[in-house]
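Each reported figure results from applying straightforward, stated rules to the coordinates on display, with no laboratory input. If you're wondering where the values come from, they're calculated on a predicted model, not measured in any experiment. As a convention, Cβ positions derive from the backbone with ideal geometry for all residues, glycine included, and neighbour counts pool all protein chains shown.
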Amino acid sequence: MNAQPSPPAGPSARRRLVLVGLSATVAALLAAALVLWLRPAPEPAVVAAAPGATNNAVLRLPAGTDLGGPFNLVDQDDRPVTDATFAGKFMLIYFGFTYCPDVCPTEMQTMATAIDELGPSGDKVQPMLISVDPERDRPSQLKDYVAAFHPRMMGLTGTDEQIAAVAKAYRVYYSKNAPDADGAYNVDHTSFVYLMGPDGKLRSVFRGGASPELMVAELKAQLAK
């Protein structure tokens, strides 16, 4: 018995499909533009790729790249923090959110594993998550989330304006999707891990999916400078 063809989608359904397609296309184009802006300079890779990692998992940025800068946020204990709070320490920063279904937990675990594998040297590096979902990621929500990955992991959040400012400084794209019938929503965002030096200057950018081994190798090279 031959299967009956599905009836053609109505105008409303077609409009929804077009809108979804346009939203995905815009997000992809913005993310691609950021990758091009952060494109490695034509020089050797920072470190050799670890087994299973891509050769460009660590981005080599042009000298003098203006990325990062001052910020005013609060941590998971609702204490005010600024970039000056971390002066003299390396910062390993990821922008994500606690309701993220898969990418964020993966990157957070990579960071935590790298800090552990550094041993005592890991104390010189402060890993942190800066939320791109300040509406839901209040300090109490962040506290339980970051503690699940590493005891030294910090979670930072703030007002919409504060998060927009720090995201702009780090060239981070993020966009809240429309809530569903239950009020749940996702947040599209770029997925890079930023390594900032004790002087507050950018040292390295790790692409999403970089292995813990590669991150450790790069951290060791930077700590030795």
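Roughly what would the spin-label model give for THR85 and THR65, points 7 Å off Cα along C-beta, in nm?
Result for the modelled spin labels: 2.6 nm.
Collect residues whose amide H, placed 1.01 Å from N in the peptide plane, falls under 5 Å from the amide H of ARG138; neighbours closer than 5 in sequence don't count.
Under 5 Å from the amide H of ARG138 lies no amide H from a residue far enough along the sequence or on another chain.
What are the residues whose amide H is under 5 Å from the amide H of ARG203, where those residues sit 5 or more places off or on another chain and H is modelled from the backbone?
LEU195, MET196, GLY197
Which parts of region 168-183 would a label at LYS201 reach, counting a residue when its backbone N lies under 18 Å from a point 7 Å out along Cα-to-Cβ?
Backbone N within reach: 170.
Pull up all non-local amide H partners of PHE192: gap of 5 or more, or a different chain, and H-to-H distance under 5 Å with H placed in the peptide plane.
It is PHE95, by chain and number.
Assuming 0.36 nm per residue, please report the length gained on full extension of the stretch ALA224 to GLU161 beyond their Cα-Cα distance. Each step should come with its number before you reach the end.
Numbers: separation 63, 0.36 × 63 = 22.68 nm, distance 3.67 nm.
That pair, ALA224 and GLU161, stretches by 19.0 nm at full extension.
Going by the alpha-carbon gyration tensor, a ≥ b ≥ c the square roots of its eigenvalues, is region 61-121 rounded (a/c under 1.5) or, if a/c is not under 1.5, prolate (a/b greater than b/c) versus oblate? Before the final figure, lay out each step's value.
Numbers: a/c = 1.33, a/b = 1.16, b/c = 1.15.
Rounded, because the longest to shortest axis ratio a/c is under 1.5.
At 1.002 mPa s and 20 °C, plugging the Kirkwood radius over alpha-carbon pairs of region 104-225 into Stokes-Einstein gives what diffusion coefficient in µm²/s?
Translational D for this selection: 138 µm²/s.
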